[in-house]
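To keep things clear, I will list the structure first and then write my remarks on it.
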Amino acid sequence: MNSVLTIGIIISIVLGISSFVASNNYIIAAVVLAISILYFLFIAKPLLRKYETKIKRFDECYHFINTFIVSLSIKGTVSSAYESSLQVMPESFISSIENIEAFSQEDKLEHINKYFRFHVFSLFVDLINIYQEQGGNILEMSHHLLEEVRLIEEYISISKSITKKKMVEFTILWLLTLGIMVFMRFALTQFFSTITKQIFYPIGILSICLFCLLSIHIAISKMSKLQIRGWNDAEKIQ
């Protein structure tokens, strides 16, 4: 999240400087800078935090399920598979389940299900319950589940790759736009000195900068709405 704030501050400064150079108006520059910083601090940061948490949680879910099933096929007991799965999980996950050590194995998985909240983990819990009741070959029983988990992980990877590509294109487009604004200030000096006296000009510069922020918000909103069945962005993150 620190990197998000750093990038947000850099973008805010770039917009503030560009608006001042283009308009020669301190008030316009101050307004653009203030609105930009407030946006990244109170709107963009929470959106990106939820997005990063969603990606991180599914990555943990992916490794937990895979390790659990492979360990269960080798060791044959749910308790041993559970312990093996914990060994590949990060400290943040381990600390979130410290209070469930006394729970039964079924209750532990149900508690973890509330942590992950993904539909595939609910299916995994149901599968383990069936395995405990009826037995069978866990690798064969979990084949379709593992395939679905793999496809979701692949979908996330592709989505992240597309997002990075779109962000590069978006950044280049707006840098060119801001560059043209600055170019007008120095290349068309006489025209600039005339047009800055018009009341609509600084308002136009302000509108362009605010539209840039709006387009950033739309891009972040689309990126953060990555759909993974079972996850509700409106729910409070544990």
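The values are calculated or read from the model by the stated rules, or taken from the named source; none is laboratory data. What you are looking at is a predicted structure, and each value in this text was computed from that prediction instead of being measured. Cβ coordinates were reconstructed from backbone atoms using ideal geometry, including for glycine residues, and neighbour counts include every protein chain displayed. These accessible areas exclude ligands, DNA and RNA; they are computed on the full protein's heavy atoms, side chains included. Shrake-Rupley method; radii C 1.70, N 1.55, O 1.52, S 1.80 Å.
The table below gives the values:
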quantity: Potential extension, Arg150-Met184 segment - 0.36 nm per residue separation minus Cα distance; calculated: 7.1 nm
quantity: Distance (nanometres) between label positions extended 7 Å along Cα→Cβ at Ser73 and Ser161; calculated: 2.6 nm
quantity: Centroid-to-centroid separation of the range 92-122 and the range 1-47 [C-alpha atoms, Å]; calculated: 41 Å
quantity: In nm, spacing of pseudo-spin labels at Ile97 and Glu235 (7 Å Cα→C-beta vector); calculated: 1.6 nm
quantity: Helix axis angle, 119-134 relative to the chain longest principal axis, alpha carbon, degrees; calculated: 0 degrees
quantity: Added length on full extension, which subtracts the Cα-Cα distance from 0.36 nm per residue, Asn129 to Ser207; calculated: 22.2 nm
quantity: Carbon plus sulfur fraction of accessible area for the chain, probe 1.4 Å, in percent; calculated: 64 percent
quantity: Nitroxide proxy distance, nm - points 7 Å out along Cα→Cβ at Glu110 and Ile9; calculated: 4.7 nm
quantity: Residue among Ile216, Ile228, Ile162 with the largest mean-square fluctuation in a Gaussian network model of the chain, springs linking Cα atoms under 10 Å; calculated: Ile162
quantity: Too-long pairs where the Cα-Cα distance tops 20 Å, listed order kept, from Lys108/Lys160; Lys54/Lys225; Lys75/Lys114; Lys56/Lys164; Lys114/Lys222; calculated: Lys108/Lys160; Lys75/Lys114; Lys114/Lys222
quantity: Mean accessible surface per residue for the range 112-176, computed with a 1.4 Å probe while every protein chain stays in place, in Å²; calculated: 62 Å²
quantity: Contour excess over end-to-end distance, with Cα ends at Thr196 and Ala34 and 0.36 nm allotted per residue; calculated: 56.1 nm
quantity: Top of Ala30, Ala187, Ala44 by mean-square fluctuation, Gaussian network on the chain, Cα under 10 Å; calculated: Ala187
quantity: Choice from Phe64, Phe191, Phe93 with maximal GNM fluctuation in the chain (Cα, 10 Å cutoff); calculated: Phe191
